[in-house]
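Please treat every number below as a calculation from the coordinates, not as lab data. For clarity, every value in this text was computed on a predicted model and none was experimentally measured. Here the Cβ is made from the backbone with ideal geometry for all residues, glycine too, and neighbour counts use every protein chain on show.
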Amino acid sequence: MSDTPSILDRVAQTIESRKGADPTTSYVAKLFAKGDDAILKKIGEEATETVMAAKDARVSGDASKVLYECADLWFHSLVLLARFDLTPQQVLDELARREGISGIEEKAARKPD
Ligand SMILES: N=c1c2ncn([C@@H]3O[C@H](COP(=O)(O)OP(=O)(O)OP(=O)(O)O)[C@@H](O)[C@H]3O)c2ncn1[C@@H]1O[C@H](COP(=O)(O)O)[C@@H](O)[C@H]1O
């Protein structure tokens, strides 16, 4: 594994540094200052915008807006992770843990509630 921080790590570090920063000069500090509901609202908005971009791309054949909207969604997800003192590496570790486990098999092996 590389010792160079990935863009996810670097943005997460910047987000962390915005906790308690001046909301008039930092978008992330402004989101933190507004509170949890503002962060959750942005996640919902960006998820919806991603869905709409994908629907448009099916018609237009231009998927560039899907990229931009996914970047917005990932960025706001990083803000949410930071809110709970979680890191992108923890999400990557969870994906690594799941690697090779078929979703179909995993679901079938679940114990009934
Ligand atoms: N990656 C991003 C990033 N992506 C999107 N955004 C902002 O997210 C906001 C929401 O996007 P929208 O398109 O929904 O804009 P909007 O409809 O005007 O949204 P609202 O103002 O209503 O929330 C916009 O202000 C974008 O500029 C981001 N703001 C910051 N970052 C990263 O976070 C770092 C810290 O940012 P600051 O805290 O502002 O210094 C930056 O250096 C970047 O690395």
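Excluding same-chain neighbours fewer than eight residues apart, the lysines reachable from Lys41 by a Cα-Cα span under 24 Å are Lys19, Lys30, Lys55, Lys65.
Across the options Phe75, Ala21, Leu40, the greatest Cα extent toward the positive end of the charge dipole of the chain (unit charges at beta carbon of Lys, Arg, Asp, Glu) belongs to Leu40. The simple spin-label model puts a point 7 Å past each Cα toward its Cβ; for Ala47 and Ser60 those points are separated by 2.4 nm. With both labels modelled 7 Å from their Cα along Cα-to-Cβ, the Ser6 to Arg97 distance reads 1.7 nm.
As an exercise, identify the chymotrypsin sites (Phe, Trp or Tyr not before Pro) in region 1-91 lying in DSSP coil whose Cβ has no more than 12 other Cβ atoms within 10 Å.
Hits after loop and neighbour filter: Phe84.
Computed from the mean reciprocal separation of all distinct C-alpha pairs, what Kirkwood hydrodynamic radius does region 1-63 have, in Å?
On the way: mean 1/r = 0.0708 Å⁻¹.
About 14.1 Å, per the Kirkwood formula over Cα pairs.
Assuming a ≥ b ≥ c are the square roots of the Cα gyration tensor eigenvalues, decide whether the chain counts as rounded (a/c under 1.5), prolate (otherwise, with a/b larger than b/c) or oblate. The shape class here is oblate. Classify region 55-113: rounded, prolate or oblate, from the alpha-carbon gyration tensor (a ≥ b ≥ c, eigenvalue square roots; a/c under 1.5 rounded; otherwise prolate if a/b is larger than b/c)? Note, shape of region 55-113 comes out oblate.
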